[in-house]
Every structure is written in C-alpha cells, then in structure tokens.
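Report on one structure; see the data block that follows.
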Amino acid sequence: MAVAVKRWPQPIGSPVLDSLLPVIEGSRHVSTDVPRIAQVAKWMAYEELPFPRFGSDFDPETDRQRAIDFTMVSNTINTAFSDFETGVKFQTEYEGRNWSDSQAMTACLRRAMAEGIPVLDGHYLAEVTRADLDGIFAGNIEMPMLDEKLAVLNEVGKTLAERYDGSFVNFIETCSPRLFDDGKGLVDRLISEFPRFDDTSEYRGHRIHFHKLAQLTYWGLHSAFEPHGGFRIDDIGSMTAFADYIVPVALRVMDIMVYAPELEEKINSGRLIRRDSDEEIEIRAHMLYATALLTEDINALRPPESQIIIPQLDARLWLSYHATHWPHHLTRTIMY
C-alpha cells in the first residue's frame with residue numbers, strides 16, 4: 001500500500017504534522033484517498049463549523065486557578081473508559097444524573113472535591129493509593145486502566161509537588177504563551193516535564209509525534225477562556241487534530257481513510273491493535289494527515305472571515321461520530 005506522497009499540507013508550525021511524512025510514505029495498512037477529501041470538502045465547507053465552546057467545570061472568569069487545575073488534572077487521566085474485555089463503559093451517579101465515559105470521570109472528580117478530597121493538589125496526587133482511587137471512581141464497573149491511571153497521577157503529582165507547589169497553574173505561568181517555542185512552549189514543556197504526555201512512537205527509525213492529550217488539554221482551556229481572556233495561546237493555528245479512536249471512524253465512514261483487509265477485520269472483530277505497532281501508528285498518522293488536508297480544502301471554499309483551524313474540524317467529526325455503532329480500533333494505552 002506504500003505510495004509516494006503527491007500532496008502535503010501547508011506548514012502550520014506543528015512538530016506533530018511535520019513528523020508524519022515517513023508514515024504516510026511508508027504505510028502498508030492504511031491509506032488516505034486524497035481525491036475523496038476534495039469531494040467531502042465540497043459539501044462540508046458550507047456547514048457552519050462553529051468554534052466549539054466546551055464548558056469548564058469551574059467558571060474560568062471567577063475561579064481561574066481551579067478551572068485550569070481541573071482541566072489539566074482530568075486530562076492527565078483522560079484515557080480509555082470502556083472495559084477492554086466486555087466493552088462496558090464506565091458510568092457513575094452524581095447530582096441526580098447518570099454520567100458516562102469521560103464525563104463520568106470528571107463527575108467523580110467533582111464529587112470528590114465536594115467531599116473535601118484535594119484531587120487537584122499535586123501533594124495529594126503524589127501519595128494517592130489504589131484504594132483511594134477505587135473510592136473516588138466508584139461506578140458501575142471498576143474504572144478501566146485504574147492501575148495505569150494511579151501510576152500517572154503519582155508521577156504527575158510528584159513533579160507538581162516538587163517543582164510547582166502542587167499546582168498546574170504555577171507550571172503554566174513558567175511557560176511561553178505558545179504551544180511550540182523551541183522547548184519553552186506549553187506543549188514543549190508539558191511533554192518534557194511530565195512524561196505521561198510525551199505521546200510519540202518509533203516508526204522504522206523515525207520518531208513520530210502525536211501529543212494527543214497535551215494538545216487537547218490546551219484546546220479545552222483555550223475554548224473555555226477565549227470569550228473573556230485569561231489563558232493566552234499565540235500560535236493556536238499550529239494545533240493539529242487529536243489522534244484518538246473516534247475521528248478515524250469518521251474518516252473511514254466517509255471513505256477518506258482506507259484500511260487493508262486484515263486491519264479492517266481486526267477492527268471489526270474487536271481485536272486489540274498493539275500500541276506502537278505499524279497498524280496503530282498508521283491509523284493515527286493518516287487521521288492527522290487527512291484532517292490537515294481536509295481543513296485546507298474546506299478553507300479554499302470559504303471566505304476569509306469563515307476560515308477554520310484543524311481542531312474545529314476535529315470537533316465537527318468527533319461530536320458527530322463519538323456515539324456511532326461503526327467499530328473503532330482498540331489499543332490499550334494511556335495516551336488516548
């Protein structure tokens with residue numbers, strides 16, 4: 001399936017996008033139908049495609065520190081929420097409602113805070129135990145990947161406690177107000193000081209950057225704070241899509257991403273795709289490549305005042321397909 005790449009996205013200042021070429025050129029399990037992208041753009045360009053406004057669990061205008069700390073801590077453990085054996089999604093009850101998936105996770109954190117548990121404090125997270133987390137994440141099933149989440153929180157909490165008085169806000173205030181800035185940017189620093197965010201893979205001798213959670217975390221903060229300020233990102237246009245399970249499904253349904261028959265069969269039968277396998281890397285890389293090209297083609301058909309950036313397209317695809325019955329690939333990983 002490997003082919004010469006005849007079209008590459010225009011540079012946006014993204015180390016993520018810039019790292020993908022060896023995968024797109026060398027892929028044997030996944031391909032991108034570039035002509036099909038132009039066909040989809042012809043109708044998607046005329047959708048509204050608004051800038052998404054993701055709500056914050058705390059008011060960014062009146063409670064800036066908790067809004068930032070909550071977003072950062074919750075995204076630290078924003079990994080799989082379905083049991084890999086049964087497919088059952090994690091759910092919990094809070095404030096008279098049933099919450100599911102990642103919303104159940106944030107509901108558990110808010111419930112713990114209401115009970116006086118300092119789940120945003122790095123000093124607490126550095127010492128939190130499995131039994132503690134099992135109580136915090138009480139729900140219909142044990143929180144999936146609980147041991148992995150525990151290890152992540154202990155590691156992140158230790159760094160926050162030792163360097164930033166337990167708060168992500170203190171960390172952010174030492175960063176450049178750019179995502180990528182020669183090692184000083186928000187993503188640069190997050191992945192260098194907190195290894196759980198260093199979402200990279202080795203592909204035939206090339207280091208491929210994905211950084212799904214690092215980018216998604218700042219996208220959530222940008223969306224919440226942008227209406228009134230309080231969280232500055234000067235190069236938001238350098239952000240790619242977020243390489244997860246759902247957006248590849250959207251692109252597969254639209255016939256933009258094409259899978260080799262063996263990979264298609266693995267996904268459809270629910271077999272695990274190994275983390276850092278060629279198959280998994282190619283799925284994620286082609287998703288990022290295709291969304292960059294589709295954004296370009298959409299913008300070519302829109303007036304200057306209606307131009308979009310890649311995360312807006314990501315939101316359009318994720319929101320439309322996150323509940324679809326079309327099967328997505330399964331990979332046991334803390335990175336998405």
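Structure data summary
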| item | result |
| --- | --- |
| Selected residue [out of contact with any Lys or Arg (no Cβ under 7 Å at 6 or more places or on another chain), closer than 24 Å to Lys158 by Cβ and not aromatic (Phe, Trp, Tyr)] from Ile77, Ile68 | Ile68 |
| Test: Glu264 is at pLDDT 95 or above, touching a His at 6+ places or on another chain (Cβ under 6 Å) and outside any loop (DSSP other than H, G, I, E, B) | no |
| Failed condition for His209, given (1) closer than 18 Å to Thr71 by Cα; (2) of a type outside the set (A, V, I, L, M); (3) crowded, with 20+ Cβ neighbours inside 10 Å | (1) |
| Residues that are under 19 Å from Arg207 (Cα atoms), polar (S, T, N, Q) and within 22 Å of the chain's Cα centre (by Cα), drawn from the stretch 9-43 | Ser14, Ser19 |
| Lone unmet requirement of (1) among the β-branched types (Val, Ile, Thr); (2) farther than 28 Å from His328 by Cα; (3) in contact (Cβ under 8 Å) with a residue 60 or more places away in the chain for Thr62 | (3) |
| Filter pass, Ser201 being part of a strand (DSSP E or B), of a type in the set (Gly, Ala, Ser) and either at negative phi or without any contact (Cβ under 8 Å) to a residue 40 or more places away in the chain (or both) | yes |
| Top-ranked residue of the stretch 116-127 - restricted to ones that are touching a helix residue (DSSP H, G or I) at 6+ places or on another chain (Cβ under 9 Å) and surrounded by fewer than 19 Cβ atoms within 10 Å (Cβ to Cβ), ranked as nearest to Met72 (Cα to Cα) | Asp121 |
| Selection count where residues are small (Gly, Ala, Ser) and at positive phi, scope the stretch 97-111 | 0 |
| Inter-residue pairs, beta-carbon under 6 Å, first β-branched (Val, Ile, Thr) and in the stretch 149-169, second modelled with pLDDT under 95, 6+ apart | Val169/Gln65 |
| Residue among Thr240, Thr174 that is of a type in the set (Val, Ile, Thr), assigned to a loop (DSSP other than H, G, I, E, B) and either surrounded by fewer than 20 Cβ atoms within 10 Å (Cβ to Cβ) or touching a strand residue (DSSP E or B) at 6+ places or on another chain (Cβ under 6 Å) (or both) | Thr174 |
| Test for Pro177: is it under 18 Å from the mean Cα position of the chain (by Cα) and either touching a residue at least 60 places away in the same chain (Cβ under 8 Å) or within 23 Å of Gln65 (Cα to Cα) (or both) | no |
| Within the stretch 1-108, strands (runs of 3 or more DSSP E) holding 1 or more residues that are of a type in the set (A, V, I, L, M) and surrounded by 13 or more Cβ atoms within 10 Å (Cβ to Cβ) | 30-32 |
| The stretch 250-271, subset under 12 Å from His328 (Cβ atoms) and in contact with a Ser or Thr (Cβ under 9 Å, 6 or more places away or on another chain), residue surrounded by the most Cβ atoms within 10 Å (Cβ to Cβ) | Leu251 |
| Residue in the stretch 272-296 that is surrounded by the most Cβ atoms within 10 Å (Cβ to Cβ), counting only those that are part of a helix (DSSP H, G or I) and of a type in the set (Asp, Glu) | Glu282 |
| Residue, modelled with the highest pLDDT, within the stretch 213-261, restricted to residues that are of a type in the set (Asp, Glu) and closer than 17 Å to Pro52 by Cβ | Asp244 |
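The values are calculated or read from the model by the stated rules, or taken from the named source; none is laboratory data. Predicted model, so just to flag it, every value in this text is computed and none were measured. So basically every Cβ, Gly included, is an ideal-geometry build from the backbone, and we count neighbours across all protein chains shown.
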